[in-house]
Amino acid sequence: MARKTIEQRLAELDAQRSALKARLSKTERNNDMRRKVLIGSLVLHHLETANDQEFKQQLDDWLRRELPGFLTRDNDKALFDDLIGQGLPGTGVGGDSGQGAP
């Protein structure tokens with residue numbers, strides 16, 4: 001069995017390094033996406049279930065104010081039409097009572 005040259009070993013190490021960097025980048029992207037999903041889930045959960053009507057209203061108002069400028073694609077805006085359009089059921093938004101009754 002022939003011994004590998006230094007150049008061959010360096011090439012193998014470079015390939016391993018590249019593979020490890022790609023794996024790390026993928027893991028970091030997955031973690032970033034998971035954080036975004038979880039924070040979004042928390043926000044939606046509070047909009048749907050929070051007992052504190054003042055907090056719920058402030059959160060809803062903030063989303064209605066910030067989301068339209070944040071979302072740039074029409075299909076993304078369509079996903080949030082319930083938040084920036086009619087409001088979520090039970091939030092008191094879009095109705096006259098402001099009581100949050102479903």
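The rows are residues; the columns are (1) modelled with pLDDT under 90; (2) surrounded by fewer than 15 Cβ atoms within 10 Å (Cβ to Cβ); (3) over 20 Å from L42 (Cβ atoms).
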site: R64; (1), (2), (3): no, no, no
site: G69; (1), (2), (3): no, yes, yes
site: T72; (1), (2), (3): no, yes, yes
site: N75; (1), (2), (3): no, yes, yes
site: L79; (1), (2), (3): no, yes, no
site: I84; (1), (2), (3): yes, no, no
site: L88; (1), (2), (3): yes, no, no
site: V93; (1), (2), (3): yes, no, no
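With at pLDDT 90 or above, under 23 Å from F80 (Cβ atoms) and surrounded by 10 or more Cβ atoms within 10 Å (Cβ to Cβ) as the only criterion, which of S18, S41 stands out?
Working: S18 fails: under 23 Å from F80 (Cβ atoms).
Just one listed residue meets the conditions, S41.
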Quick one: would you say K4 is assigned to a loop (DSSP other than H, G, I, E, B), of a type outside the set (A, V, I, L, M, F, W, C) and surrounded by 11 or more Cβ atoms within 10 Å (Cβ to Cβ)?
yes
Any chance segment 68-82 includes a residue that's touching a residue at least 12 places away in the same chain (Cβ under 8 Å) and in contact with a Ser or Thr (Cβ under 8 Å, 6 or more places away or on another chain)?
no
Within the set of pairs 6 or more residues apart or between chains, which connect a residue that is touching a residue at least 40 places away in the same chain (Cβ under 8 Å) inside segment 50-64 to a residue that is surrounded by 16 or more Cβ atoms within 10 Å (Cβ to Cβ) and basic (K, R) with Cβ atoms less than 7 Å apart?
none
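The values are calculated or read from the model by the stated rules, or taken from the named source; none is laboratory data. Bear in mind that the values here come from a model prediction, so they are computed numbers and not experimental data. No Cβ is skipped: glycine too gets one built from the backbone with ideal geometry, and neighbour counts run over all protein chains shown.
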